[in-house]
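Contents: one structure, followed by commentary.
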Amino acid sequence: MTSGKQYVDSVFEKVKAQNGHEAEFLQAVEEVFDSLVPVFDKYPKYIEENLLERLVEPERIVSFRVPWVDDKGQVQVNRGFRVQFSSAIGPYKGGLRFHPSVNQSIIKFLGFEQIFKNSLTGLPIGGGKGGSNFDPKGKSDNEIMRFCQSFMTELSKHIGADTDVPAGDIGVGGREIGYLYGQYKRLRNEYTGVLTGKGLTYGGSLTRTEATGYGVVYFAEQMLKSKGEDFNGKTAIVSGSGNVAIYAIQKLHSLGAKVVACSDSSGYIYDEEGINVDTLKQLKEVERARIVQYLEHHPNAHFTPAGPDSSIWTVKADLAFPCATQNELNDADARALVGNGVIAVAEGANMPSTLEAIEVFHASGVLFGPAKAANAGGVAVSALEMSQNSQRLAWSFEEVDAKLYDIMKGIYENAAAAAKEFDAEGNLVVGANIAGFLKVAEAMSAQGIV
């Protein structure tokens, strides 16, 4: 009889053989696979159904060219992607990322993570992800509109309110969602909840903007409570200064913590008095400025340029929230945080900590909230937006925020319970992977070999 480890190892070897050039995707797969060995020992029928090999292969990958015309009248071409990974528990759901780094490996890496994250919310949404290597930075509104319209002209053939519901991600905010939605509506002649993160005047949900940032803080709150701790009087560092980071900082301040540092790709700022959220919003949401300009408003703050010898993770703090991008926090950063006495780390970005960094946190007894659990607030409220669209209703900010809190609390409790059941108590990486996997596995098994 094949053991769980033998089965998991054999499938991973196949995945490496077929996707050896996709480093990011293999990282995500390895992180999940390592957790699932005891599941297959307990449920050997999933081995018989070869469920893991089926799950790791996307149901569909769409790759397409995106031609558009810039303000100089020159034709530009980018590449677009949509990976529809798993529809076992609901329509594909996951963001669109516009960034020069986007390639098929990164989209598959994000989409595979999305399966488990969406499952953890307890809501009926499957896993998917998409995007383009288009860079919105430095582009005019008209250029971005023309790109979005071209991108959606192809993507519209593959999505729908009951098929695949994209949202925003890095480089895709309210402006981009508006242009994408307008083109979808124009092409399909229907007004449906096919995109989430929409503006409030055309079907968006209150709290969606704040959801991922608030959610990661709500998850961290549950981790601290498990040790009899709370946010009062604690200092925090939050990487990034985009949507997730801004609202994580805002919620941390409201719950009694003081965030002393945040960053963008140019470097990080340190403000001993606490990061001023209003200034940060003005710079990043209105002016789209670099974070160094924070000093013009708060001259006592300090700016450290990005470089190989500078890292926000060297700032002393009790709590750390990586909210910028994948693999931004490595083992050296983790050791620096541990050395400075950090007690909890919660991931607001998608897999921002390397596997080696996570090992450092676990070995040091640091509370660690993995992305697929801790940053699920955004997709949770996206699913709530879908519900409101289907019912032609709009809930209040307080209603959505209360539902978000309950969902994040439930994710923590389910992950903690799964970790305990499978002899990994306190390891929320293992717990989140197993809890997310089991729901999808049960659905796949029930639906036959499809």
Taking W68, W313 and counting other C-beta atoms within 10 Å, the order from fewest to most:
W68, W313
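Determine, for F40, F112, F64, the number of other Cβ atoms within 10 Å of each Cβ, and report the residues in order from fewest to most. Write down the numbers at each step before the final one.
Details: F40 22, F112 26, F64 17.
If I rank by nearby Cβ atoms, fewest first, I get F64, F40, F112.
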Using Cα positions and a limit of under 30 Å, work out the lysines in reach of K139, with same-chain residues fewer than 8 apart set aside.
K72, K93, K108, K129, K157, K185, K198, K281, K284
What area, in nm² and to one decimal, does the C-alpha convex hull of segment 4-56 cast on average over all directions?
3.2 nm²
Enumerate the whole-percent occupancy of each 5 Å bin, from 0 to the last occupied one, for all C-alpha pair distances of segment 236-308.
3, 18, 33, 28, 14, 3, 0
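Determine by what factor the alpha-carbon radius of gyration of the chain differs from 2.2 N^0.38 Å, reporting the quotient.
Details: Rg = 21.1 Å, N = 450, 2.2 N^0.38 = 22.4 Å.
Against the compact-globule rule of thumb, the ratio is 0.94.
Does segment 200-289 come out rounded, prolate or oblate by the C-alpha gyration tensor, with a ≥ b ≥ c the root eigenvalues, rounded set by a/c under 1.5 and, if not, prolate when a/b is larger than b/c and oblate if not?
Working: a/c = 2.27, a/b = 1.18, b/c = 1.92.
Here segment 200-289 falls in the oblate category.
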Asserting the computed 222 nm helical MRE of the chain (DSSP H runs at least 4 long, -39500 (n - 2.57) per run, divided by residue count, to nearest 500) equals -14500 deg cm²/dmol
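Once you have the Cα-Cα distance between T201 and S390, take 0.36 nm times their residue separation minus that, and quote the gain in nm to one decimal. Walk me through the intermediate numbers first.
Working: separation 189, 0.36 × 189 = 68.04 nm, distance 1.58 nm.
Here the segment from T201 to S390 would lengthen by 66.5 nm.
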Mind giving me the nanometre distance, one decimal, between the label points for D135 and E442, set 7 Å out from Cα along Cα→Cβ?
4.7 nm
Exposure-ranked with fewest Cβ neighbours within 10 Å first, M444, M1 stand as M1, M444
Take the alpha carbon gyration tensor of segment 403-443, find the square roots of its eigenvalues, order them as a ≥ b ≥ c, and report rounded if a/c is under 1.5; if not, report prolate when a/b exceeds b/c, else oblate.
oblate
What is the chain's relative contact order, in percent, from Cα pairs under 8 angstrom and six or more apart in sequence?
15 percent
At a 10 angstrom cut-off on C-beta neighbours, averaged per residue, how do the peptides 207-213, 374-380, 389-395 rank from highest to lowest?
374-380, 207-213, 389-395
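Sorted by mean Cβ packing within 10 Å, highest first, what order do the peptides 144-153, 14-23, 44-53 take?
Details: 144-153: 22.2, 14-23: 13.2, 44-53: 16.9.
Ranking, from highest mean packing down: 144-153, 44-53, 14-23.
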Spatial extent of segment 238-279: Rg and Dmax, with the Cα atoms as the point set, Å
9.4, 29
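The numbers here are math on the coordinates, done by the rules we state, and not lab data. Note that the structure is a prediction, hence the values are computed from the model and not measured. Don't worry about glycine lacking a Cβ; one is built from the backbone with ideal geometry, like all the others, and counts go over all protein chains shown.
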